[in-house]
Amino acid sequence: MVKKIRNSLSAKVFLWIAGLLMFCSLLIYGIVIVFLPQSYTVVATNRVSEQIMQLDEKLSDIEYENAHTIIEEFCQKNQAFVTLTDGIENATFGYVDEKDMLKDETITSALEVTFKDREGHFTLSITAPVSAGNELTKAFLELLPLLLVIILAISSVGAFLCSRILVKPILEISRISKRMARLDMTWDCKVNRVDEIGVLANSLNIMAKRLDAAMKELECANLKLKEDMKNMAELSKQRRDFFAAASHELKTPITILKGQVESMILGIGSYKDTQKVLPETLKEIENMERLVKEILAISKIEMDGLAGNLESVSIAHLLSKVTENLLPLALEADINYHTEISGDIVILGNRSLLEKAIHNIVNNAVRHSPKGAEVSVQLLEHQLIVTNTGTVIPEEELSVLFTPFYRVEKSRNKATGGSGLGLYLVKTILELHGLEYRIENIENSVVFTVWL
């Protein structure tokens, strides 16, 4: 379709220019045919008149016998017919075509002349052709077919060149405008001119660059908005799942506590011995209290973030403090527990949150290792590595390990596992500090790595 439009526009411009050139050529040709013979007649008349005056001057300075030669020369030069008479004798010279006489295309002049050797006056009568207009017109008409071919050829070449000069930039701009209509700004209008068309092409290039920049900014903003909306939706879903799981986690110990208290009040069965039941109730209350504290801690972290409580934190110092606090737990579980600290790493962060994250990582390694296993804590140049042997995590569960309330041990027995919020809390704290982390299985061991 675009090709047809281009061809149509080129053809119209070509025909228009060719017609204009032919019209102008034929007009000029017609003017030449009409006015050139008339101009020629005027010029010829003036020329013959001048020749006659010169002949008069020459004859007045010579003898009669010599005049014949001069008059013959005049007749030959001007194709004239001359009669010289003294009233008695007549002498004629030259010849004039009768057709010119009939067409009245001659000039006739009579003048009196004198000679040096004669007395009296002689009459010189001159008839000379002064127009070749008909011949010129006839010659022009005979040349008309050839001239028409030449005019047509020149007009075609001129029209082709002009149409290319005029139409090519317009077609380029038309092509560009169609790409702009499709919001395609990856083009450059290559019309190098200094006239209005060149100004238009340059303006289109500038506009395209600005529109392209604006569209890219809008695309980036749109992508960011979509990402933000996706994150908000994901966050909203996480919050709903979190509160649903929290409600479920709190419902179980509350139901247990309610049953135990009611049984003690009613004195049912073994619950009559309150001294025996109350420690178990207290333990359940402590578990619920720990769960509530973790939920509140997570909520506070998600709401406040780092809250400006930033300071230079020595990871080596935090690690020494955490491993010392967890040493009794490792001894109680018969865990071979050792620490390797190579130098120190100081980062900008929240000291208490970082300590809690490290505590949860090491605590999980100790609690989920079998009796007699090894737990190693290493602080290397840019890494914190915690490894516990003798156990692995199913590969399909590694990706969901940091989900709130998720536990590898499905019975949710508090004796064999925590609330399921420990690793989620670790994830939240590390991401707040911009720290990368990974948990993986390596040779019958679980390795937790944090890049500092």
In nm, spacing of pseudo-spin labels at Glu65 and Lys272 (7 Å Cα→C-beta vector): 19.4 nm
With just the Cα atoms defining each centre, how far is region 271-300 from region 337-352? Give it in Å. 32 Å
By the gyration tensor of its Cα atoms, with a ≥ b ≥ c the square roots of the eigenvalues, what is the shape of region 326-410: rounded for a/c under 1.5, prolate for a/b over b/c, or oblate? oblate
Three-way shape call for region 266-394 based on the alpha-carbon gyration tensor, with the a/c threshold at 1.5: oblate
Multiply the residue gap between Leu306 and Glu57 by 0.36 nm, knock off their C-alpha separation, and tell me the result in nm, one decimal place. 77.0 nm
Let a ≥ b ≥ c be the square roots of the eigenvalues of the Cα gyration tensor of region 259-330; is it rounded (a/c under 1.5), or, if not, prolate (a/b larger than b/c) or oblate? oblate
If R0 = 51 Å, then Thr45 and Leu15, at their Cβ-Cβ distance, give a FRET efficiency to the nearest 0.05 of 0.65
For region 349-354, just list the computed ³J(HN,Hα) in residue order, Karplus coefficients 6.51, -1.76 and 1.60, θ = phi - 60°, integers in Hz, with x standing in for Gly and Pro. x, 8, 4, 5, 5, 4
Once R0 is set to 30 Å, what does the formula 1/(1 + (r/R0)^6) return for the Cβ-Cβ distance between Val261 and Lys293, expressed as a FRET efficiency to the nearest 0.05? 0.85
If amide hydrogens are placed 1.01 Å from N in the peptide plane, which non-local residues have theirs closer than 5 Å to the one on Thr106? Val130
In sequence order, what are the phi-derived ³J(HN,Hα) couplings for region 212-217 according to the Karplus relation 6.51 cos²θ - 1.76 cosθ + 1.60 with θ = phi - 60°, rounded to whole Hz, with x for glycine and proline? 5, 5, 5, 5, 5, 5
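Where a number appears in this text, it was derived from the coordinates with a stated rule and is not lab data. This structure is a prediction, so every number in the text was calculated from the model and none was measured. No Cβ is skipped: glycine too gets one built from the backbone with ideal geometry, and neighbour counts run over all protein chains shown.
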